[in-house]
1. Over the stretch 2-183, what is the mean sequence separation of C-alpha contacts under 8 Å (at least six apart), divided by residue count, expressed as relative contact order in percent?
2. Mind jotting down the distance between the C-alpha centroids of the stretch 27-85 and the stretch 120-176, whole Å?
3. Can you show me the helix-derived [θ] at 222 nm for the chain, built from DSSP H runs with n ≥ 4 at -39,500 (n - 2.57) apiece and divided by the number of residues, rounded to the nearest 500.
4. Under 5 Å between amide H atoms, partner at least 5 residues away or on a different chain: which partners does ASN12 have, H built in plane at 1.01 Å?
5. In the stretch 124-158, whose amide N lies under 16 Å from the spot 7 Å out along Cα-to-Cβ of ASP74? List them in ranges.
6. Let me know the Kirkwood hydrodynamic radius for the stretch 134-173, please, with Cα pairs as the basis and the value in Å to one decimal.
7. Express the Stokes-Einstein translational diffusion coefficient of the stretch 1-94 in µm² s⁻¹, to the nearest whole number, given a Kirkwood radius over alpha-carbon pairs, 37 °C and a viscosity of 0.692 mPa s.
8. For the chain, modelled as a Gaussian network with Cα springs under 10 Å, which listed residue fluctuates most, ALA91, ALA111, ALA55?
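Values in this text are rule-based calculations from the coordinates and carry no lab data. Nothing here was measured: the structure is a model prediction, and the numbers come from that model. Please note: Cβ atoms are built from the backbone with ideal geometry, for glycine as well, and neighbour counts cover all protein chains shown.
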Amino acid sequence: LVGRSFDRHQPNLRGLPWWNATAPLVLAHVGAPQAALLRSELAYQNHVAASPAYAALPRGPVHADLFRDNVMFDGEELTGVFDFYFAGVDAWLFDLAVCLNDWCTDPASGAHDADRASRMLGAYQAVRPLSAAERALLPAMLRAGALRFWISRLWDFHLPREASMLTPHDPAHFERVLRERVARPVRA
């Protein structure tokens with residue numbers, strides 16, 4: 001909320017335009033079931049992004065990569081957030097979905113952890129309550145967050161770029177998360 005008055009604007013560099021440009025490049029590196037899921041989900045996300053409900057989502061500066069390994073705690077106290085490399089302006093709901101997909105997901109199966117998610121959503125909404133439209137679009141944004149990181153991990157794994165500190169993560173994790181979000185939509 002503090003960032004609402006920030007006057008600079010950079011789009012989410014790993015948002016839908018990047019997904020649309022990058023997906024065709026990684027398709028050659030996946031099997032038929034993964035390719036079908038990737039094409040289907042990308043079509044779905046383009047459909048969602050073209051909707052008036054999506055256009056009306058509150059937007060502002062987002063971290064866009066707020067995974068557990070990008071924050072520091074001293075006991076229960078949050079002491080730092082880092083890795084703002086992909087920060088930009090996007091729907092706040094997308095940023096929340098990225099967090100839920102990492103912080104509130106079983107790493108082995110990709111399954112949603114309802115208890116952790118309920119606590120995270122409760123704490124979030126104590127500061128910024130979700131609108132009815134945001135609650136309705138949460139399942140789609142959880143899928144969007146999973147798709148974004150599946151594509152980027154496929155990209156990093158199969159088409160690595162020069163980066164001294166880049167260690168590619170297993171793309172299969174976010175494929176599992178995406179399949180879970182499609183099969184079992186999460187409601188707010």
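1. Numbers: 206 pairs, mean separation 44.6, N = 182.
Computed value for the stretch 2-183: 24 percent relative contact order.
2. 3 Å
3. Working: 7 runs with 98 residues, N = 188.
Result for the chain: -17000 deg cm²/dmol, rounded to the nearest 500.
4. The answer is VAL89.
5. Taking a point 7 Å out along Cα→Cβ of ASP74, no residue of the stretch 124-158 has its backbone N under 16 Å.
6. Details: mean 1/r = 0.0883 Å⁻¹.
One over the average 1/r among Cα pairs gives 11.3 Å for the stretch 134-173.
7. Values: Rh = 15.6 Å.
For the chosen part, D equals 211 µm²/s.
8. Comparing ALA91, ALA111, ALA55 in the GNM, the peak value goes to ALA55.
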